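Asks: Here it is, the structure in full.
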Amino acid sequence: MRGLALCATLQGMAASAQDLAGHGGPVGALAIRDGQVLSGGFDTRSILWDLDTGAARQIQHFHEGNVTAVAFLPGGMLATGGQDGRIALWQGAVERPTFATPDTNAPIVALSLAPDDATLAAGFGDGRIARMSLDDHSVQDHQAHQGQLTGLAYLPDGHLASVGDDLRLSIWDRASQLAARAGLAARPNGLAVTEGRLAVVFADGALRLYAADGSQLPQRFLTDRPLVAVAAGTGAVAAAAIDGTVWVLEDQDLSERFTVSAGADPVWALALDRDTLLGAGNDGTIRRWSARDGERQGQSATQASGDHDDGSRGARVWRACAVCHSLSPGDNSRAGPTLHGVLGRRIASAPGYAYSQALRSMDIVWTRETVSALFEHGPEVYTPGSRMPDQRISDPRDRAALIDFLERASR
Ligand code: HEC
């Protein structure tokens with residue numbers, strides 16, 4: 001997928017202060033836990049965000065193709081799944097995963113951590129489910145659906161629920177034996193677990209709840225458009241339609257808490273916890289609302305830009321960089337290296353930052369001209385293999401203003 005025209009323009013990314021913007025293309029996977037957000041993009045990267053400040057802390061770059069599923073694991077580990085069918089496990093801001101399964105022919109659709117924290121399950125586009133021991137990384141798989149698997153999640157009792165193109169909801173016990181099965185009325189597009197019950201979204205616009213034995217509970221037709229994403233939080237379930245509408249419903253009776261619109265494009269990924277609702281889609285921006293009342297919420301970009309925001313045109317362009325780059329000496333706490341002293345500096349030479357092999361093997365000195373070229377052509381073209389997501393600044397006046405700003409602020 002690399003090299004496709006999925007490049008975000010910074011003008012579009014500047015959209016709104018409270019959003020998490022940094023991916024270089026659509027975002028298809030989201031997870032939230034303890035004030036951190038993990039996102040997976042069509043730009044083949046996953047990003048770990050700090051919800052409080054809106055800063056990107058780490059970028060993982062490994063998969064060939066879209067990152068299609070993400071999960072938080074115990075002990076600060078992260079899991080990513082890709083279109084390449086590989087599951088990768090990550091610990092810290094490192095260049096390579098600590099472990100990755102081999103290439104398979106089928107993309108990963110969903111990842112789910114077992115309630116005992118010992119097993120990670122993955123659902124595949126060819127209908128398989130694989131279970132990986134987080135202890136010894138051994139993997140066992142079985143054919144769960146005919147055709148595509150479209151949703152997967154653990155129940156609190158350790159059983160695993162899955163839905164697929166074969167219009168079946170299946171509940172698997174710990175030995176991957178079928179414990180219950182139900183026929184579905186329409187194509188399921190996703191599954192989440194809430195308070196021991198299953199919330200499934202469908203192409204016919206319905207959200208249906210199921211008990212752990214597969215019996216159907218309340219259902220609600222939300223729209224005549226397909227629902228394409230679902231997430232569950234404490235006491236609530238969120239569903240998104242292909243037209244960008246997002247509903248948050250009480251998980252007991254599916255009564256509506258609120259509805260928000262994320263714009264006209266599909267929302268491909270949702271995440272929900274007690275406080276926060278996140279939604280993301282084609283424009284790569286992760287939007288953020290209060291889970292209680294749908295109020296748009298978040299930090300301001302000036303917080304990310306720090307003291308350097310002098311209100312100039314260049315400072316405004318810089319906001320898109322500040323999520324990943326500090327301007328303070330030695331501050332590599334964000335996903336990218338500090339750009340303190342960047343002009344005149346050799347590529348990949350900020351002390352204490354773990355650059356990619358690709359950047360370390362390049363021969364560039366950062367000057368007005370080379371920084372401008374980096375964002376005229378985009379990192380994917382100018383510094384191929386860079387972990388920095390692809391982005392361009394198409395207006396030469398914006399590039400010049402950014403570099404004027406860097407000349408002032410990066411000293
Ligand atoms: C989503 C995170 C992210 C955003 C947004 C981002 N960068 Fe980066 N940038 C990185 C990462 C990560 C690296 C290091 C790449 C590597 O090691 O492969 C990097 C590297 C760089 C480098 C090379 C630094 C060096 O020491 O060689 C420059 C220059 C740079 N970025 C400038 C910018 C500017 C200017 C912007 C805004 C227009 C920006 N970046 C936006 C993540 C980001």
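Yes/no per residue for (1) under 11 Å from the mean Cα position of the chain (by Cα); (2) within 14 Å of the ligand (Cβ to nearest atom); (3) at pLDDT below 95:
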{"residue": "GLN11", "(1), (2), (3)": "no, yes, yes"}
{"residue": "HIS23", "(1), (2), (3)": "yes, yes, no"}
{"residue": "GLY28", "(1), (2), (3)": "yes, no, no"}
{"residue": "LEU38", "(1), (2), (3)": "yes, yes, no"}
{"residue": "GLY41", "(1), (2), (3)": "yes, yes, no"}
{"residue": "TRP49", "(1), (2), (3)": "yes, yes, no"}
{"residue": "ALA69", "(1), (2), (3)": "yes, no, no"}
{"residue": "LEU73", "(1), (2), (3)": "no, no, no"}
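Asks: Which helices (runs of 4 or more DSSP H) does region 315-409 wholly contain that include 2 or more residues that are of a type in the set (Val, Ile, Thr), farther than 21 Å from GLY54 by Cα and within 11 Å of the ligand (Cβ to nearest atom)?
Replies: Here the list reads 368-377.
Asks: While we're on this one: Across region 105-125, what is the total count of residues that are in contact with a helix residue (DSSP H, G or I) (Cβ under 9 Å, 6 or more places away or on another chain) and part of a strand (DSSP E or B)?
Replies: So the answer is 1.
Asks: Out of everything in region 336-358 that is of a type outside the set (Lys, Arg) and under 16 Å from ARG368 (Cβ atoms), what residue ends up being surrounded by the most Cβ atoms within 10 Å (Cβ to Cβ)?
Replies: Of region 336-358, the ones of a type outside the set (Lys, Arg) are 336-344, 347-358.
Keeping just the survivors that are under 16 Å from ARG368 (Cβ atoms) gives 339, 341-344, 347.
Numbers: LEU339: 23, GLY341: 14, VAL342: 21, LEU343: 16, GLY344: 9, ILE347: 19.
Out of the qualifying residues, it is LEU339.
Asks: Return the residues of region 75-98 that are over 17 Å from SER112 (Cα atoms) and either not aliphatic (A, V, I, L, M) or not assigned by TED's automatic domain parsing to the domain that holds GLN60 (or both); say none if nothing qualifies.
Replies: ASP84, GLN91, GLY92, GLU95, ARG96, PRO97, THR98
Asks: How about region 246-266: which of its residues are at pLDDT below 95 and in a strand (DSSP E or B)?
Replies: SER261, the sole residue that qualifies.
Asks: From the list ALA240, ALA271, ALA192, which residue is crowded, with 16+ Cβ neighbours inside 10 Å, farther than 15 Å from GLY28 by Cα and under 18 Å from the mean Cα position of the chain (by Cα)?
Replies: ALA192
Asks: Identify all residues within region 195-207 that are surrounded by fewer than 15 Cβ atoms within 10 Å (Cβ to Cβ) and either over 12 Å from ALA161 (Cα atoms) or at pLDDT 95 or above (or both); write none if there are none. Let's see the steps before the verdict.
Replies: Step one: list which residues in region 195-207 are surrounded by fewer than 15 Cβ atoms within 10 Å (Cβ to Cβ), which gives 195-196.
Across region 195-207, the qualifying residue is only GLU195.
Asks: Still on this structure, please answer the following. Residues of region 37-70 being of a type outside the set (Val, Ile, Thr) and assigned to a loop (DSSP other than H, G, I, E, B), which ones? Explain how you work it out, then say what you get.
Replies: Initial filter on region 37-70 (of a type outside the set (Val, Ile, Thr)): 38-43, 45-46, 48-52, 54-58, 60-66, 69.
Correct list: PHE42, ASP43, LEU51, ASP52, GLY54, PHE62, HIS63, GLU64, GLY65, ASN66.
Asks: Return the residues of region 119-133 that are in contact with a Ser or Thr (Cβ under 7 Å, 6 or more places away or on another chain) and either among the basic types (Lys, Arg) or surrounded by fewer than 20 Cβ atoms within 10 Å (Cβ to Cβ) (or both); say none if nothing qualifies.
Replies: Of everything in region 119-133, those that are in contact with a Ser or Thr (Cβ under 7 Å, 6 or more places away or on another chain) and either among the basic types (Lys, Arg) or surrounded by fewer than 20 Cβ atoms within 10 Å (Cβ to Cβ) (or both) turn out to be THR119, ARG131, SER133.
Asks: Can you tell me which of VAL193, VAL200, VAL237 is touching a Gly at 6+ places or on another chain (Cβ under 7 Å), closer than 30 Å to GLN146 by Cα and in a strand (DSSP E or B)?
Replies: Answer to the selection: VAL200.
Asks: Tally the residues that are buried (at least 21 other Cβ atoms within 10 Å of the Cβ) and not in a loop (DSSP other than H, G, I, E, B), restricting the search to region 71-104.
Replies: 9
Asks: I'm trying to understand the selection: among the residues of region 208-234, which are part of a strand (DSSP E or B), of a type in the set (A, V, I, L, M, F, W, C) and surrounded by fewer than 24 Cβ atoms within 10 Å (Cβ to Cβ)?
Replies: LEU209, LEU217, PHE221, VAL228, ALA232 - these are the residues of region 208-234 that are part of a strand (DSSP E or B), of a type in the set (A, V, I, L, M, F, W, C) and surrounded by fewer than 24 Cβ atoms within 10 Å (Cβ to Cβ).
The values are calculated or read from the model by the stated rules, or taken from the named source; none is laboratory data. Just so it is clear, the model here is predicted, and its values are computed rather than measured. No Cβ is skipped: glycine too gets one built from the backbone with ideal geometry, and neighbour counts run over all protein chains shown.
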